[in-house]
Amino acid sequence: MEVEQKASGLKSLRFRIAAAVLFMLLLMLLTSGISFFYFFKLKSAVNQQSQQALPELQVLNSAQLNITRLANLAIEVSNSTSPAYSRILMSQVREQVDELKHSLELLAENNAQIKRLMDVVGKVEPSVTNISLSKSMLDQVDKALNERLFSAMTVTLASFNQANDKEVKQILGEITSDLAQLITRPHLYEQNQITARLVKQMQQLQQQALIHYKPLEPLLLSPRGVLELLSKREIHNSEVVGLTTQNRILLGNIVDFGHRVYMDNEANVAQQAQAISKNSNDFINVLMLVLLVQLMVAAALMVYLHKHLFRRLYALKGLVGQRKKITAHDVAFFDERNELGSLVKQLQTYLETISKQQAQIESTSLQLQSVIKHSHMMAAVIYQDEILYLSEPFYQLFKDRELKSIHDFPDDFQRRIASIQIGDLTTLESAYWDVHRQSWFQVSKDNILWEGKKAYLISLTDVSSQVRAEQEFRKTLSVVESESKLDALTGLYNRKLFEDQVASLKQTTEFMSFAVLLFDVDFFKQYNDKLGHLQGDQVLKMVASVIKRNTPSKGMAIRYGGEELLVFLPKANSSEALEIAQDIVEEVYQQHVPHPSSPHQYLSVSCGVSVQESSSDSLLKVFDQADKCLYQAKKSGRNRVTLWQDGNLGDSL
């Protein structure tokens, strides 16, 4: 409290250290805030790139592949000559367009270019559908044209074979040749020339051979004739070519537009990556700057603390650990206005007080040495196992030994000294026994300053009379305790010991089989009534001696009450217990003690035997089973043994 009162204000070390720590904490919070700001900025840019820009680029890349596949499918539709195959291709075109639209819908929310691209893609399917329809019409016209040409050539050849006129045959031959050339000449101008000749030839045939003209006229000149079908084929073919050209231009625009959108997004991703790289460099630079600032501040704090705290603490350590006196010069080094200065001032006062107390202790020690040397106490002074002083009575106790160190004492005495602490003494039970003097000595150990050395004093006190009195008391107590457990008449253990055994077995958890043998003197009341109680006591003593003589050392013979006697056999089985019971019953009867009221003429006993069959059977339960067996033995004629077997009364033996 005094240190706290003197150290106050700005000079207080507590204030200075708290201010330095608070400044460091504020700096750490500021630098941490700056670091977190740049970190979250970098994290936001990375998340934007990973969650938006890169997925968009992946979708656009997939869209480019879909556009390429769509263009290839459109070309295949244009080049297809099979209607069935054209239908399959159209189904694939629709699937490809749907997939492409679905991909672009993911990006079209805030992107005008993607929306325009979706609009252009939406025109592909109708364009390809129109191409497919035109090709289907063209295929139908080609089929009808081929059928008409085949029919016209068949009719012309038949007319040629029937004609007799040479000029008619020549006209029919030219018609046949021109029809054949229509099949093999693909160019439009050639087909137009052949068509003009056919019209002229049909006019000549009409004038010279009307019979041959009439079958050919519907095949060649009618609205469903060859010439009309040729005109329709040319119209549909022009439509297919035009639609195909438009579709290729459309697909080319889609490919170019998709590539441009992809390149724009790729440039955007690259720009974002550059921004992330810049943010990363800024973050690293800020961290380096923060670390540098913290190191500089830490170094400045260390210099400050060294100047105002550590240097003085080190000086204080030197004062406390190496000097026994603090001078005014030492106090001047510390500032009394703070805790250290006040503490040094108090320490100076304490050391001066200690110096005075040490002087008093040395004076007292000299007086104590004088008292010990001139007294008759049994004492020894020991310093680092070396004996510095022995009193004459102490020397006489060990005069048969040359005592120079503690190791020259008897081993038992050395153990006594080592076992007690400074300021303690041995108890009467562990007092030192001197064989030569036949005496007990109590040993004590205390610190003492002897001739300037910190030694310890060993003193002995004769406590022989006290030890002998205590031994006599214990011996008497043991006899009393032993007699309290014996029956005065029979010398057997009494009922109290049996009750103690019951309590002991309740507390143990270990399974230990045991047997209970319960005896009762047959017709004992009638014996007492006729021969008197004194004679009855003699009979009980005789029965007790027989039981005690046949009870093994591990067992206990107990007088339970009146004429009932009990044998407790630990770790016994049925056969062993039954054999002991039968021996006792037979030996009692063989004493041939006359019994005027017994049908057996001589004194006899009955016995019930029960053995613990499982760990759940308590001693009282086994006792109750033995009691029931005893009752059964008496009921069966007495002078016999009944054993409890398998949860029931057994036969009497």
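The values are calculated or read from the model by the stated rules, or taken from the named source; none is laboratory data. The model shown is predicted, which means the values in this text are computed figures rather than measured ones. Note: ideal-geometry Cβ built from the backbone for every residue, glycine included; neighbour counts use all protein chains shown. Areas reflect the complete protein model, heavy atoms only, side chains present, ligands, DNA and RNA absent. Shrake-Rupley method; radii C 1.70, N 1.55, O 1.52, S 1.80 Å.
Points worth noting:
- Taking each residue of the range 415-426 that is modelled with pLDDT under 75 and looking for partners that are among the small types (Gly, Ala, Ser) and outside any strand (DSSP E or B) with beta-carbon atoms closer than 8 Å, six or more apart or interchain, yields 426/419.
- Residue 578 touching a Leu at 6+ places or on another chain (Cβ under 7 Å), in the same structural domain as residue 515 (by TED's automatic domain parsing), crowded, with 16+ Cβ neighbours inside 10 Å and touching a residue at least 60 places away in the same chain (Cβ under 8 Å): yes
- Against the numbered list (1) touching a Phe, Trp or Tyr at 6+ places or on another chain (Cβ under 7 Å); (2) at pLDDT 80 or above, residue 293 comes up short only at (1).
- Hey, residue 147 surrounded by fewer than 16 Cβ atoms within 10 Å (Cβ to Cβ) and at pLDDT below 80 or not: no
- Subset of the range 222-248 that is buried (at least 19 other Cβ atoms within 10 Å of the Cβ) and among the polar types (S, T, N, Q) - its residue that is nearest to residue 123 (Cα to Cα): 247
- Selection from the range 605-619 of residues that are closer than 15 Å to residue 642 by Cα and among the small types (Gly, Ala, Ser): 606, 608, 610
- Taking residues in the range 147-167 that are not in a helix (DSSP H, G or I), and partners anywhere that are not hydrophobic (A, V, I, L, M, F, W, C), the pairs with Cβ atoms closer than 9 Å and at least 6 places apart or on different chains are 163/169; 163/212; 165/208.
The rows are residues; the columns are (1) basic (Lys, Arg); (2) closer than 11 Å to residue 519 by Cβ; (3) outside the structural domain of residue 499 (by TED's automatic domain parsing).
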{"site": "547", "(1), (2), (3)": "no, yes, no"}
{"site": "596", "(1), (2), (3)": "no, no, no"}
{"site": "599", "(1), (2), (3)": "no, no, no"}
{"site": "611", "(1), (2), (3)": "no, no, no"}
{"site": "638", "(1), (2), (3)": "yes, no, no"}
{"site": "645", "(1), (2), (3)": "no, no, no"}
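Residues checked against (1) among the hydrophobic types (A, V, I, L, M, F, W, C); (2) in contact (Cβ under 8 Å) with a residue 12 or more places away in the chain; (3) farther than 26 Å from residue 169 by Cβ:
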site	(1), (2), (3)
199	yes, yes, no
202	yes, yes, no
208	no, yes, no
231	no, no, yes
235	yes, no, yes
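- Residues within the range 597-653 that are among the basic types (Lys, Arg) and open to solvent by 70 Å² or more (accessible area, probe 1.4 Å), tallied: 3
- Residues of the range 293-306 satisfying the condition of being hydrophobic (A, V, I, L, M, F, W, C) and either in contact with an Asp or Glu (Cβ under 6 Å, 6 or more places away or on another chain) or open to solvent by 90 Å² or more (accessible area, probe 1.4 Å) (or both): 295, 296, 302, 303
- Set side by side, the residues 43, 101, 6 differ, and just one is out of contact with any strand residue (DSSP E or B) (no Cβ under 7 Å at 6 or more places or on another chain), among the basic types (Lys, Arg) and either at pLDDT below 65 or open to solvent by less than 20 Å² (accessible area, probe 1.4 Å) (or both), which is 6.
- The set of residues in the range 560-575 being among the small types (Gly, Ala, Ser) and open to solvent by 60 Å² or more (accessible area, probe 1.4 Å) consists of 575 alone.
- Residue list for the range 530-542, restricted to those being out of contact with any Ser or Thr (no Cβ under 8 Å at 6 or more places or on another chain) and either in a helix (DSSP H, G or I) or not assigned by TED's automatic domain parsing to the domain that holds residue 585 (or both): 531, 533, 534, 535, 536, 537, 538, 539, 542
- Selection status of residue 518, in a strand (DSSP E or B) and either within 60 Å of the chain's Cα centre (by Cα) or closer than 18 Å to residue 629 by Cα (or both): yes
- Single residue of the range 431-466 satisfying the filter (part of a helix (DSSP H, G or I) and at pLDDT 65 or above) that is nearest to residue 395 (Cα to Cα): 464
- Test: residue in the range 272-285 that is more than 46 Å from the chain's Cα centre (by Cα), of a type in the set (A, V, I, L, M, F, W, C), open to solvent by 70 Å² or more (accessible area, probe 1.4 Å) and modelled with pLDDT of 70 or more: no
- Any hit, the range 164-184, residues being open to solvent by 80 Å² or more (accessible area, probe 1.4 Å), at pLDDT 80 or above and closer than 26 Å to residue 76 by Cβ: no
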